[in-house]
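Quick notes on the structure that follows.
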Amino acid sequence: MAITTNAELETAVANWLHRSDLTSRIPEFVTLGETRLFRELRVKDMESSFSTAITSGTITLPTSYVDLKYAYVDESPVTWLERKPAAWIFEKYPTRSSDGKPKFIARQASTFIFGPYPDSTYTIAGVYYKNIGPVSSSAHALFTNNPDLYLFGALLEAVPFLEDDKRVPLWLAKYNDSLTRLQGQSDREEYSGSTLAVRPG
């Protein structure tokens, strides 16, 4: 059967489990499987762009932020920002007032901070990885392009209820294989079309 909606995914999980006593828990298995995916994957279907002006030396994290891919000061010429821990920023740039154009970025709680402390309301732009939300709300591209990951991820969350089930190693192998292949495909696409060049050193 096709797996293109949340309802079809839950039906597929039920079919593979073949355990009518677990039917009511299948939505939980799907949610927990999704949570695992968002922790482990960093692929293009999770990417989103942002562009925000600095206010009082910080910017608020983008909606559903999971991880930063890259960021830069959006002016000509562009200044790319290097990611650092927040403690490093405070140690190297203890002056937390107008100090210069940012070169470094760090996350502190729910904001990004910068070093040096910005001396103007620079616009910071970039790309981040986000939690794209549950498939029960929207059949997004990550799900529609990779229903196998969602199926085997959900099945693995049922393992505590399956005593010594011989199917579990197969599900785990299929999940890991699909995860590795998807991440590898995304990583390769990142550099596809580039001209081959010899790098010094």
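The combined condition, being surrounded by fewer than 14 Cβ atoms within 10 Å (Cβ to Cβ), assigned to a helix (DSSP H, G or I) and among the β-branched types (Val, Ile, Thr), is fulfilled by Thr180.
From the set of residues in segment 82-102 that are among the basic types (Lys, Arg) and under 18 Å from Ile124 (Cβ atoms), which is modelled with the lowest pLDDT?
Looking only at segment 82-102, we keep the residues that are among the basic types (Lys, Arg), and these are 83-84, 92, 96, 101.
If we keep only those that are under 18 Å from Ile124 (Cβ atoms) too, we end up with 83-84, 96, 101.
Numbers: Arg83: 98, Lys84: 98, Arg96: 91, Lys101: 96.
Ranking the candidates gives Arg96 first.
Take the conditions (1) under 23 Å from the mean Cα position of the chain (by Cα); (2) surrounded by 14 or more Cβ atoms within 10 Å (Cβ to Cβ); Pro102 misses just one of them, which is (1). Among the residues of segment 185-201, are any buried (at least 17 other Cβ atoms within 10 Å of the Cβ), over 22 Å from Ala71 (Cα atoms) and not assigned by TED's automatic domain parsing to the domain that holds Gly57? Checked segment 185-201: no residue is buried (at least 17 other Cβ atoms within 10 Å of the Cβ), over 22 Å from Ala71 (Cα atoms) and not assigned by TED's automatic domain parsing to the domain that holds Gly57. Scanning segment 146-173 for residues that are in a helix (DSSP H, G or I), loosely packed, with under 14 Cβ neighbours inside 10 Å and either in the same structural domain as Val73 (by TED's automatic domain parsing) or not aromatic (Phe, Trp, Tyr) (or both) turns up Pro160, Pro169, Leu170, Ala173.
Going by the conditions given, is Glu28 touching a residue at least 24 places away in the same chain (Cβ under 8 Å), crowded, with 17+ Cβ neighbours inside 10 Å and farther than 27 Å from Ala125 by Cα? Break it down stepwise before answering.
On the way: touching a residue at least 24 places away in the same chain (Cβ under 8 Å): yes; crowded, with 17+ Cβ neighbours inside 10 Å: no; farther than 27 Å from Ala125 by Cα: yes.
Spelling it out, it is not the case that Glu28 is touching a residue at least 24 places away in the same chain (Cβ under 8 Å), crowded, with 17+ Cβ neighbours inside 10 Å and farther than 27 Å from Ala125 by Cα.
Residues in segment 157-179 that are of a type in the set (Asp, Glu), within 18 Å of Phe29 (Cα to Cα) and under 22 Å from the mean Cα position of the chain (by Cα): Glu157 alone.
The condition (being of a type in the set (Ser, Thr, Tyr) and buried (at least 18 other Cβ atoms within 10 Å of the Cβ)) is satisfied by just one residue among Tyr65, Tyr117: Tyr117.
The values are calculated or read from the model by the stated rules, or taken from the named source; none is laboratory data. All figures in this text were calculated on a predicted structure; none of them were measured in a lab. When we count neighbours, we look across all protein chains shown, and the Cβ atoms used for this are built from the backbone with ideal geometry, even at glycine.
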